[in-house]
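This report concerns only the one structure given below.
The values are calculated or read from the model by the stated rules, or taken from the named source; none is laboratory data. Model, not experiment: these values are computed from the prediction. As a convention, Cβ positions derive from the backbone with ideal geometry for all residues, glycine included, and neighbour counts pool all protein chains shown.
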Amino acid sequence: MNDMRIADRSVDANAAKISARDVNVHYGESHALKGVSIEIHDRAVTAFIGPSGCGKSTFLRCLNRMNDTVAIARVTGTILLEGEDIYDRRVDPVQLRAKVGMVFQKPNPFPKSIYDNVAYGPRIHGLVRGKAELDEVVEQSLKKAALWNEVKDRLHAPGTGLSGGQQQRLCIARAVATSPEVLLMDEPCSALDPIATAQVEELIDELRSNFSVVIVTHSMQQAARVSQKTAFFHLGNLVEYGDTPDIFTNPRDPRTESYITGRIG
Ligand code: ADP
């Protein structure tokens, strides 16, 4: 706890990007997420923390309807993205996922070139006209992911040939290329070494100037370093949500306190 750096926490308190109300998830008979309500801010990093199995990833996956792909998952409640219900029948989940991008635990570049990995989303969503525009989107996305300088001379080499940390930044570039509004990250550093982790954390801090970023992490130190808002989950409940420094230094709920002081986890 002592070496925790608390991140800068300037957040526009009025800018809710996502509003979730009374969200429940069942996997078959198992009630994995229980009545979660939360407002997620724009241009800020929100960390989801809590013991393994408490529902962090389940809730993250509700935010871009990834749970639609899990046959036994049933989601109820309301999730609004800028006031629009993302579970409305008229919403196309594929289009939604271009607006609410996702980065996974293990870097998962497509077996394609670096260029084609980043160009994939803009191509399938018809976001660009012509090669020059696509080149520009690829370059800008790689720059936003702090990868351009390392790959600009080998854009047509396979993405899978990069180091783990570079692959994860490539996946971030791929997510950023469709100009999303929200970036969801599910333990994005868990497969990375400490240097690559530090680079991705620095990148997350830069991304918040343009996006709403939500990160699931099992590392409290990481949550304290990168986030302005922290949500603590326990046994499927959202126990406490607030400014990151408050959660770590002045938790209100005894379950939060037990977790951050290492008594449960
Ligand atoms: P966390 O991300 O906090 O570790 P999860 O959201 O992955 O927690 O899991 C919450 C609960 O839901 C756990 O009990 C887990 O076993 C269960 N669960 C998660 N995904 C599935 C799934 N695809 N099918 C069935 N149960 C699942």
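A few remarks follow.
Listed here are the residues, each with its yes/no results for (1) within 12 Å of the ligand (Cβ to nearest atom); (2) of a type in the set (Ser, Thr, Tyr).
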site: Val23; (1), (2): no, no
site: Tyr27; (1), (2): yes, yes
site: Leu33; (1), (2): yes, no
site: His41; (1), (2): no, no
site: Phe48; (1), (2): yes, no
site: Thr58; (1), (2): yes, yes
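- Scanning region 182-226 for residues that are within 15 Å of the chain's Cα centre (by Cα), more than 16 Å from the ligand (Cβ to nearest atom) and either assigned to a loop (DSSP other than H, G, I, E, B) or free of Cβ contacts under 8 Å to residues at least 12 places away in the same chain (or both) turns up Arg208, Ser209, Asn210, Phe211.
- As a summary of the residue check, Ala98 satisfies the conditions (1) farther than 25 Å from Ser209 by Cβ; (2) in contact with a Gly (Cβ under 8 Å, 6 or more places away or on another chain) except for the one numbered (1).
- Lone unmet requirement of (1) away from the ligand (no atom under 16 Å from the Cβ); (2) farther than 20 Å from Leu183 by Cβ for Gly53: (1)
- Counting residues in region 88-108 that are surrounded by 16 or more Cβ atoms within 10 Å (Cβ to Cβ), more than 16 Å from the ligand (Cβ to nearest atom), among the aliphatic types (A, V, I, L, M) and assigned to a strand (DSSP E or B) gives one or more.
- Exclusive hit being touching a helix residue (DSSP H, G or I) at 6+ places or on another chain (Cβ under 8 Å), modelled with pLDDT of 95 or more and over 27 Å from Cys189 (Cβ atoms), set Leu134, Leu142, Leu127, Leu147: Leu134
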